[in-house]
1. Would you mind classifying region B:38-113 by shape? Square roots of the alpha carbon gyration tensor eigenvalues, ordered a ≥ b ≥ c; an a/c under 1.5 is rounded, otherwise it is prolate if a/b is larger than b/c and oblate if not.
2. With +1 on the Cβ of every Lys and Arg and -1 on the Cβ of every Asp and Glu, and nothing else charged, how large is the dipole of chain B about its Cα centre, in debye rounded to the nearest 20?
3. Please give the direction-averaged projected area of the C-alpha convex hull for chain A, in square nanometres with one decimal.
4. Quote the charge dipole size of region A:59-114 about the Cα centre in Debye, to the nearest 20; the model charges only the Cβ of Lys and Arg (+1) and of Asp and Glu (-1).
5. Using +1 at the Cβ of each Lys and Arg and -1 at the Cβ of each Asp and Glu in the protein assembly as shown, identify which of B:Leu47, A:Gly106, A:Gln17 lies farthest towards the dipole's positive end.
6. Work out the mean other chain Cβ neighbour count within 10 Å for the residues of B:45-53 and drop it here as an integer.
7. How compact is the protein assembly as shown by the rule of thumb for globular proteins, expressed as Cα Rg over 2.2 N^0.38 Å?
8. From zero up to wherever the largest Cα-Cα distance of region A:37-76 sits, split into 5 Å bins and tell me the percent of pairs in each.
Amino acid sequence: NAGVTQTPKFQVLKTGQSMTLQCAQDMNHNSMYWYRQDPGMGLRLIYYSASEGTTDKGEVPNGYNVSRLNKREFSLRLESAAPSQTSVYFCATALAGGINGELFFGEGSRLTVL
Amino acid sequence: GDSVTQMEGPVTLSEEAFLTINCTYTATGYPSLFWYVQYPGEGLQLLLKATKADDKGSNKGFEATYRKETTSFHLEKGSVQVSDSAVYFCALSDADYGQNFVFGPGTRLSVLP
């Protein structure tokens, strides 16, 4: 039972390079989220998708784009990576947008931008 | 906007000690409150939750009570174990707040044998 799967788990980029973080879920959840985790700052929401076909900005969307490809998949793209984007990225899902619900997290993707 | 404040860590305790991690929140609506735990090298997982005032969430010996009058949701455990070493995040979910989930900064707990 995979749950929420993120790829890659580790990535090193040079400044200006682009990459896409992939997230796939087999939980049949409607809502999907991308967070970044930085020391002392907890989790900050980058983008979220309440349902297939919709995406909205979170707290820190600058420098990122997302695609909700279908109900299962939600990707996060860095078009031109910057050192400030060095972080651990988590994908999460929820059945009904959160209220009374629960987030289910992937194992995280550690990104280093040199 | 909505926010969650947690006590600063790290917290270091000896095995069998009593644990309290303070959490207070600000919300425009009537949020649900959560404690999530992150073990080393893993993603976050739900530890416990409470959906309305005076509810008590509990799991694995941990407890937290939703206190609307003090806007608090403090995490407690009577006797910690080495295996409880992790980072603990307080969070809220508010239907009136479009982003749904807001997390505190996390508190790192280390339990020594």
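1. Details: a/c = 2.41, a/b = 1.44, b/c = 1.67.
Taking the square roots of the gyration eigenvalues as a ≥ b ≥ c, region B:38-113 is oblate.
2. That gives a dipole near 80 debye.
3. The orientation-averaged projected area of the Cα hull of chain A comes to 6.7 nm².
4. Values: 5 positive and 5 negative charges, 34 e Å.
The dipole magnitude comes to about 160 debye.
5. A:Gln17
6. Average neighbour count from other chains, rounded to a whole number: 2.
7. With N residues counted in the protein assembly as shown, Rg over 2.2 N^0.38 Å equals 1.01.
8. The calculated distribution, bin by bin, is 6, 23, 28, 21, 14, 6, 2.
Read the figures in this text as sums done on the coordinates, not as results from a lab. Note that the coordinates shown come from a computational prediction; the quantities given were computed from them, not determined experimentally. All Cβ positions, even for glycine, are placed from backbone atoms using ideal geometry, and neighbour counts span all protein chains on display.
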